[in-house]
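What follows is a single structure, written as structure tokens, with notes after it.
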Amino acid sequence: MITLTTDFGLKDPYVAEMKGVIYSIKPAARIVDVSHQIDKYNVRMAAFILGSAAPYFAKGTVHVVVVDPGVGTNRRAIVVQTKQAFFVGPDNGVLMLAAKVQGVSHIYGLIDPKYMLQEVSSTFHGRDIFAPVAAHLDKGVKPKEFGVEITDPVTPKFANVERKNGSISGEVLHVDGFGNVITNIGKAEVAEAKTVKVNLHHISLQLPCSETYWNAKSQEPLALVGSHGFLELALNQGSFSEKYRVNAGDRIEAVIS
């Protein structure tokens, strides 16, 4: 199975071109669209969406991500092999949040032209490099056949948290359609917590830790571990993001008690 995550939208032919390349190499391929509505150039959003969806696909799935503002520059094209899946895309950090969770085994640069289209555009590596590589992986080609192994992939700041003097510093990964603020602080950091004091760029809140949104009164804020395993800040039946003016990329400090 091959999944596609892009910031292309559906107005243009770009997604169809990638699928056409995949089917021309492996007609029996199964393709799942994770999302093509990633905000333009938003690597953080793509990393979160991919990281949320990838664990629920079968072993051996090939995940292709094309959110690539550096296309055509000297940024590398890579395939990341984990214990569960393969991740294909640009080396700009978009793959590593999901890949690290699954346990990275090997990372290879994509340099062998025989696994690419004959003509490679400087502006559409999704079609000319990533799609054919994904199809060949799906056919059983080993990742090491695509190029040399690398050990220094780009790892974005939003994949890491810092611990200092009893506090945890991280950032907002994503704001979902309900206005819930999803941080990059994992559930292990808040296990057994009763309350969380959160310091954002302009406010400080002491929030109860709950198991469900319903544990707070309507329009009251709370903290909880959401379905993707990260600390969330929410407003029961309301938008935490709108009320407190919090956006993806904002820094956050949490003190657990």
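Readers should treat all values here as calculations from the given coordinates under stated rules, not as data from a laboratory. All values derive from a computational prediction rather than experimental measurement. We place every Cβ from the backbone using ideal geometry, glycine too, and count neighbours over all the protein chains shown.
Quick look at the numbers
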{"quantity": "Check: region 161-256 dipole with +1 on Lys, Arg Cβ and -1 on Asp, Glu Cβ, in debye", "calculated": "200 debye"}
{"quantity": "Partner lysines for Lys139 [C-alpha distance under 21 Å; skip if fewer than 8 residues away on the same chain]", "calculated": "Lys19, Lys26, Lys59, Lys83, Lys114"}
{"quantity": "Spatial separation of Cα centroids for region 242-257 and region 130-203, in angstrom", "calculated": "16 Å"}
{"quantity": "Gyration tensor (Cα) of region 66-157, equivalent ellipsoid semi-axes in angstrom", "calculated": "19, 16, 11"}
{"quantity": "Relative contact order (%) - criterion: Cα under 8 Å, at least six apart; region: region 161-256", "calculated": "38 percent"}
{"quantity": "Integer Hz, Karplus 6.51/-1.76/1.60 couplings in order for region 50-56, x for Gly and Pro", "calculated": "4, x, 6, 8, 4, x, 9"}
{"quantity": "Share of alpha-carbon pairs per 5 Å distance bin for region 46-103, given as whole %", "calculated": "4, 21, 34, 24, 11, 5, 1"}
{"quantity": "Value of Rg to Rh for region 104-234 (Rh from inverse mean 1/r over Cα pairs, i.e. Kirkwood)", "calculated": "1.16"}
{"quantity": "P(r) of region 2-146 over all Cα-Cα pairs, binned every 5 Å from zero, in whole percent", "calculated": "2, 11, 23, 26, 23, 13, 3, 0"}
{"quantity": "Protection proxy ranking of 161-167, 102-108 - average other beta-carbon atoms within 10 Å, highest first", "calculated": "102-108, 161-167"}
{"quantity": "Where Rh is the Kirkwood radius over Cα pairs, Rg/Rh for the chain", "calculated": "1.02"}
{"quantity": "Region 161-256 - Rg over Rh from alpha carbon coordinates, Kirkwood radius", "calculated": "0.91"}
{"quantity": "Mean Cβ count within 10 Å, highest first, over the residues of peptides 188-196, 48-56", "calculated": "48-56, 188-196"}
{"quantity": "Helical mean residue ellipticity (222 nm; -39500 (n - 2.57) per DSSP H run of 4+; nearest 500) of the chain", "calculated": "-5000 deg cm²/dmol"}
{"quantity": "Residue-by-residue Karplus 3J(HN,Hα) for region 161-167, coefficients 6.51, -1.76, 1.60, Hz, glycine and proline x", "calculated": "10, 10, 10, 7, 6, x, 10"}
{"quantity": "Region 1-75 pair-distance distribution - Cα-Cα, 10 Å bins, rounded %", "calculated": "18, 48, 32, 2"}
{"quantity": "Those chymotrypsin sites (Phe, Trp or Tyr not before Pro) in region 127-206 that DSSP places in a loop and that have at most 15 other beta carbons within 10 Å", "calculated": "Phe178"}
{"quantity": "Set Lys40/Lys187; Lys40/Lys243; Lys11/Lys142 screened for pairs whose C-alpha atoms are more than 31 Å apart", "calculated": "Lys11/Lys142"}
{"quantity": "Cross-link reach list, lysines versus Lys194, counting only Cα pairs under 18 Å and skipping chain neighbours closer than eight places", "calculated": "Lys217"}
{"quantity": "Sequence-separation-based contact order of the chain, relative, with Cα cut under 8 Å and 6+ spacing, percent", "calculated": "16 percent"}
